[in-house]
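Right, one structure below, let's go through it.
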Amino acid sequence: MKLSVLIITYNHEKFIAQALDSVLMQTVNFDYEIVIGEDCSTDGTRDIVLAYRDAHPDKIRLLLPEKNLGMHRNFVETYRACRGEYLALLDGDDYWSSRDKLQQQVDFLDANPGCAICFHPVAIATAEDPSASVTFPEGFDRAVSTLEDLVVENFIPTCSAVTRGGLITEFPEWFFSLRQGDWPFHVLNAQHGDIGFLNDTMAVYRVHAGGVWSGEKLAPRLEAIVEAYSAINDHLGRKYDHLVRREMARYYYRISRCLEEMGAVGPAREAFWKGLRSSFNAASGRERAVLALKLYAPRLYRFIAGAMQACGGGAGNG
């Protein structure tokens with residue numbers, strides 16, 4: 001089997017047929033399978049995937065657990081069931097927009113054995129912009145990236161990724177504790193090779209209220225990213241500690257601002273101090289000082305002034 005398409009789905013009744021149709025329309029010169037982990041949906045998703053399996057028994061294999069596994073466990077069980085030399089990812093609420101997406105990416109990986117992952121930009125469809133006129137990552141121009149690049153930020157949309165199969169023989173326990181799964185998965189694969197980029201938008205990522213990630217509020221999403229940074233940093237033996245802590249400082253700052261706007265003053269200040277500590281651990285010398293001053297100095301003055309005013313000190317009038 002040349003390639004396995006890994007699809008996990010839960011309550012995607014409105015979207016799963018379009019996702020499957022976008023896979024079945026692929027024009028390729030190799031054998032591929034579609035492996036679907038249907039995680040006990042409470043809507044009509046399971047009936048839909050069963051109908052597709054019955055219509056395409058030579059192409060589609062279903063994993064139908066008796067109880068809900070949760071996103072990460074469902075993903076890992078589906079991953080383990082894939083038999084392909086390569087692995088293409090697609091969530092049940094996204095879809096591919098190019099008929100030769102898989103052929104392009106398989107050809108790339110065949111020609112570039114030093115790459116563990118191949119990806120491309122995706123269009124983003126929202127309720128406000130269903131035409132999907134915005135792309136991610138926007139303006140990306142690195143033909144080849146490395147693990148170090150990926151540690152700084154996750155620039156790989158899940159529905160765009162094709163990886164070499166079987167690179168991950170065992171998923172670490174910390175993987176299951178995170179709220180975010182795609183970025184850690186890409187990091188685990190990128191430990192085995194570089195990341196190739198095809199500058200052709202060939203998929204659509206759908207943002208909707210029911211999305212596990214896109215439907216989440218901003219503050220919890222930012223906190224989940226910080227958790228992922230910390231776990232990835234530990235997993236890699238803190239090899240990129242100065243880069244990770246720099247980015248964590250930026251995210252803590254955004255969390256603090258977000259919580260402050262929500263009126264959660266105590267948690268906002270806690271996030272602020274965590275970010276300030278992280279900024280001073282991020283690097284040495286001028287870079288560390290610039291980061292701390294740029295992000296945190298103005299708000300540090302406000303916090304101190306507010307505390308002194310509360311105590312009757314009269315500060316903050318300058």
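The values are calculated or read from the model by the stated rules, or taken from the named source; none is laboratory data. Predicted, not measured: the structure shown is a model, and the values here were computed from it. All Cβ positions, even for glycine, are placed from backbone atoms using ideal geometry, and neighbour counts span all protein chains on display.
Give the residue that is farthest from Ser98 (Cα to Cα), with candidates limited to residues of segment 15-60 that are polar (S, T, N, Q) and touching a helix residue (DSSP H, G or I) at 6+ places or on another chain (Cβ under 8 Å).
This residue is Thr45.
Of all residues in segment 213-259, which are aliphatic (A, V, I, L, M) and either touching a Pro at 6+ places or on another chain (Cβ under 9 Å) or over 30 Å from Asn11 (Cβ atoms) (or both)?
Ala219, Ala228, Ala231, Ile232, Leu236, Leu243, Val244, Met248, Ala249, Ile255, Leu259
Restricting to segment 61-93, give me the number of residues that are of a type outside the set (Gly, Ala, Ser) and within 15 Å of Met25 (Cα to Cα).
Count: 1.
Which of the residues that make up segment 179-193 are surrounded by 18 or more Cβ atoms within 10 Å (Cβ to Cβ) and either touching a residue at least 60 places away in the same chain (Cβ under 8 Å) or in contact with a helix residue (DSSP H, G or I) (Cβ under 7 Å, 6 or more places away or on another chain) (or both)?
Gln180, Gly181, Asp182, Trp183, Pro184, Phe185, His186, Val187, Asn189, Ala190, Gly193
Each row is one residue, and each column tells you yes or no for (1) at pLDDT 75 or above; (2) part of a loop (DSSP other than H, G, I, E, B); (3) touching a Ser or Thr at 6+ places or on another chain (Cβ under 8 Å).
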residue	(1), (2), (3)
Arg238	yes, yes, no
Glu247	yes, no, no
Tyr252	yes, no, yes
Phe280	no, no, no
Ala292	no, no, yes
Arg302	no, no, no
Ala305	no, no, no
Gln309	no, no, no
Gly313	no, yes, no
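Which residue pairs have Cβ atoms under 6 Å apart, sit 6 or more places apart or on different chains, and have a first residue in segment 223-248 that is in the same structural domain as Lys274 (by TED's automatic domain parsing) and a second that is in a helix (DSSP H, G or I) and of a type in the set (Gly, Ala, Ser)?
These pairs meet every condition: His242/Ala282; Arg245/Ser278; Arg245/Ala282; Arg246/Ala282; Met248/Ser278.
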